[in-house]
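Have a look at the structure below, then the notes.
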Amino acid sequence: MLRIYNDLSRRLEEFTTREPNKVYMYVCGLTPYDYAHAGHGRSAVVYDVIHRYLTYLGYEVIHISNFTDIDDKIIERSNELKVNFKELAEKFASIYLEDLKRLNVLPLYAYPRATEFIPEIIEMVKVLENKGYAYEISDGVYFDVSKFSDYGKLSHRNIEELQAGARIEVNPEKRNPLDFALWKKAKEGEPSWDSPWGKGRPGWHIECSAMTLKILGNSFDIHGGGDDLIFPHHENEIAQSEAYTGVEPFVRFWVHNGMLNVNKEKMSKSLRNFFNLHTLLEDYDGEVLRLFYISVSYRKPLNFDLEGLEVARKNYEYLHNSYLELKKYLTKETSGTASIKEQILKWKEQFLNAMDDDFNTPVAISVLFEVFKFFNANKDSVSKDDLILLDSILGDMFYILGFDRIGVERNIDFSFKEKIEQILEEFLEVEDIKKELEDKDLADPVSVLNTLIEIRNKFRREKNFALSDRIRDGLKSIGIILEDTKEGTKYRLEATNG
Ligand SMILES: [Zn+2]
Ligand SMILES: [Zn+2]
């Protein structure tokens, strides 16, 4: 039974859904005025693991995340760079989406942009004004928090307590300092849209409500985001949404991830460089970074430092190499007879219990280490049948945690065996490739693939692009895509899920 910590109740709750077998899920996304930083990567991976685990449990997951493509920072930056605000936002949004692919984040159902929801936003603000929750002043339309009696329920504080702790810009026209802008009137030269209040643009909070109510409907299942968004952003989302629809709750489970902390004094120049997610992914494999991100509970803060990244790199190599070793044992003759079926099923149970406990990834990962420690010490004595069972259970674990490259290797060995053999035969008919293949490791499909990549890169270095392209295109024809990165050439399977 899956239990999730709900910030609304501040309790672990049994997870239930609005509709059977479906999870409607929203996570506050990026304001793409610049490169994403390492903290955005953590958030994306955290919710990806949740998405994967729910999928594993049999739910259809309708998961969306927004891009705030109009706001102060976007306007400021686009003025600085003298580019259109939309161009700027789309550029950094697409770089971010590429980075997420390298982190094995599954594609989402949709990535709505704030500017695609202007009519819905205007409609919401109009209704809130008509219902008496909103009022117009000289620079915009504001939500009156004193009219919403539940204001503060997510932060578990009342208006006075929230006000005491908040940094709020002074605006004498506002009725209450905590009142927030639903609609901002345009200043000279700003991008703007026509509205009943003249030209203007949405405030920050309203887009998330407009998008989710339209795409996911009332009382959807999970709303995620960093824990720095609880107040005021999510508090405001609840207020404006429930005031608008009259339906409570706006969201059934509020889930928040901890921050990625950087010790500012200790932050060396190189570490500062790494804090840029795009740069970080040039030096650290996406799966190493994933392991780093999920090595602590998603709700806890995580320290961002080079030591931590190096530990993740070593741990990942251990998992990966141990798995490659298991794979070898699966393809060769073995003489072991010991049955460890019960132990394997116990590991599976421990892993799933950890995930059921509010997605406790550090405990789940420790089970993986236990499995491989046992395997490395006992691989010669375990029966083939049990190694096969172990492999199939590991496949589920890798899927859930998102170590797809390891998963891809399983896939290549089992599902791509024939295709690889067939393409190898084709290549053996090309004299220059055949020569290179002599004496190379062709023991199993993954070895063949790695050998072909090696040969292709040799041709590339020799500027023999006809042959290097021939190998790349041949692999592409069977659904294996090569990608050249700073860490060398990697492969992935052609996406089949959009
Ligand atoms: Zn949001
Ligand atoms: Zn939100």
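Of (1) touching a Leu at 6+ places or on another chain (Cβ under 7 Å); (2) within 18 Å of Gly258 (Cβ to Cβ); (3) within 16 Å of ligand 1 (Cβ to nearest atom), Tyr47 satisfies all except one. Which?
Exception for Tyr47: condition (1).
Filter segment 356-391 down to residues that are open to solvent by 20 Å² or more (accessible area, probe 1.4 Å), of a type outside the set (Ser, Thr, Tyr) and within 26 Å of the chain's Cα centre (by Cα), then give me how many there are.
Total meeting the criteria: 6.
For segment 223-258, name all the residues that are away from ligand 1 (no atom under 14 Å from the Cβ) and not small (Gly, Ala, Ser).
Glu242, Tyr244, Thr245, Val247, Glu248, Pro249, Arg252, Phe253
Take the residues in segment 176-191 that are at pLDDT below 95 and open to solvent by 40 Å² or more (accessible area, probe 1.4 Å), then tell me which one is farthest from Arg113 (Cα to Cα).
That would be Pro177.
What's the number of the only condition in (1) at pLDDT below 95; (2) in contact with a Gly (Cβ under 6 Å, 6 or more places away or on another chain) that Tyr47 fails to meet?
(1)
Going residue by residue through segment 41-48, is there one that turns out to be β-branched (Val, Ile, Thr) and more than 18 Å from Ala93 (Cα to Cα)?
Yes, some residue in segment 41-48 is β-branched (Val, Ile, Thr) and more than 18 Å from Ala93 (Cα to Cα).
Going by what's in this entry, would Leu345 be described as touching a Leu at 6+ places or on another chain (Cβ under 8 Å) and in a helix (DSSP H, G or I)?
Taking the combined requirement at face value, the residue does not satisfy it.
Just for segment 74-100: of the residues that are more than 20 Å from Gly189 (Cα to Cα) and of a type in the set (Asp, Glu), which one is least open to solvent (accessible area, probe 1.4 Å)?
Asp99
Can you confirm whether segment 327-338 contains a residue that is open to solvent by 60 Å² or more (accessible area, probe 1.4 Å), of a type outside the set (Ser, Thr, Tyr) and at pLDDT 90 or above?
Within segment 327-338, none of the residues are open to solvent by 60 Å² or more (accessible area, probe 1.4 Å), of a type outside the set (Ser, Thr, Tyr) and at pLDDT 90 or above.
Determine if segment 403-416 includes at least one residue that is at pLDDT 90 or above and not assigned by TED's automatic domain parsing to the domain that holds Phe15.
yes
Is there any pair linking a residue in segment 101-119 that is at pLDDT 95 or above and buried (at least 21 other Cβ atoms within 10 Å of the Cβ) to one that is of a type in the set (S, T, N, Q) and outside any helix (DSSP H, G or I), with Cβ under 6 Å and at least six apart or on different chains, and which?
Leu108/Ser65; Pro112/Asn66; Ala114/Thr68
Exactly one of these conditions fails for Thr68: (1) surrounded by 21 or more Cβ atoms within 10 Å (Cβ to Cβ); (2) farther than 19 Å from Pro202 by Cβ. Give me its number.
(2)
Given the options Ser155, Ser138, name the one that is out of contact with any helix residue (DSSP H, G or I) (no Cβ under 7 Å at 6 or more places or on another chain) and either of a type in the set (S, T, N, Q) or open to solvent by less than 30 Å² (accessible area, probe 1.4 Å) (or both).
Ser138
Among Met211, Met259, which is the only one that is touching a residue at least 12 places away in the same chain (Cβ under 8 Å) and touching a Gly at 6+ places or on another chain (Cβ under 7 Å)?
Matching residue, one of Met211, Met259: Met259.
Looking at (1) more than 25 Å from Lys73 (Cβ to Cβ); (2) more than 12 Å from ligand 2 (Cβ to nearest atom); (3) over 21 Å from the mean Cα position of the chain (by Cα), which is the only condition Asp283 fails?
(3)
This table checks each residue for (1) touching a strand residue (DSSP E or B) at 6+ places or on another chain (Cβ under 9 Å); (2) charged (D, E, K, R); (3) within 16 Å of ligand 2 (Cβ to nearest atom); (4) without any contact (Cβ under 8 Å) to a residue 24 or more places away in the chain.
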position: Arg18; (1), (2), (3), (4): yes, yes, no, no
position: Asn21; (1), (2), (3), (4): yes, no, no, no
position: Cys28; (1), (2), (3), (4): yes, no, yes, no
position: His40; (1), (2), (3), (4): yes, no, yes, no
position: Ser43; (1), (2), (3), (4): yes, no, yes, no
position: His51; (1), (2), (3), (4): yes, no, no, no
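Condition first: of a type outside the set (A, V, I, L, M) and either within 34 Å of the chain's Cα centre (by Cα) or open to solvent by less than 50 Å² (accessible area, probe 1.4 Å) (or both). Now tell me which residues in segment 424-459 satisfy that.
Correct list: Phe427, Glu436, Asp444, Pro445, Ser447, Asn450, Thr451, Glu454, Arg456, Asn457, Phe459.
Of everything in segment 460-486 that's farther than 14 Å from Ile423 by Cβ and in contact (Cβ under 8 Å) with a residue 40 or more places away in the chain, which residue is surrounded by the fewest Cβ atoms within 10 Å (Cβ to Cβ)?
For segment 460-486, the residue satisfying everything is Lys486.
Assuming Val170 fulfils every condition listed in (1) free of Cβ contacts under 8 Å to residues at least 40 places away in the same chain; (2) hydrophobic (A, V, I, L, M, F, W, C); (3) buried (at least 16 other Cβ atoms within 10 Å of the Cβ) apart from one, which condition is it?
Single failed check for Val170: (3).
Looking at segment 202-222, which of its residues are β-branched (Val, Ile, Thr) and either within 13 Å of ligand 1 (Cβ to nearest atom) or out of contact with any Leu (no Cβ under 9 Å at 6 or more places or on another chain) (or both)?
Selection gives Ile206, Thr212, Ile215.
The values are calculated or read from the model by the stated rules, or taken from the named source; none is laboratory data. Small disclaimer: the values here were computed from a predicted structure and weren't measured. Reconstructed Cβ throughout: ideal geometry from the backbone, glycine too, with neighbour counts over all protein chains shown. Note: accessible area is taken over every heavy atom of the protein model, side chains too, but ligands, DNA and RNA are not part of it. Shrake-Rupley method; radii C 1.70, N 1.55, O 1.52, S 1.80 Å.
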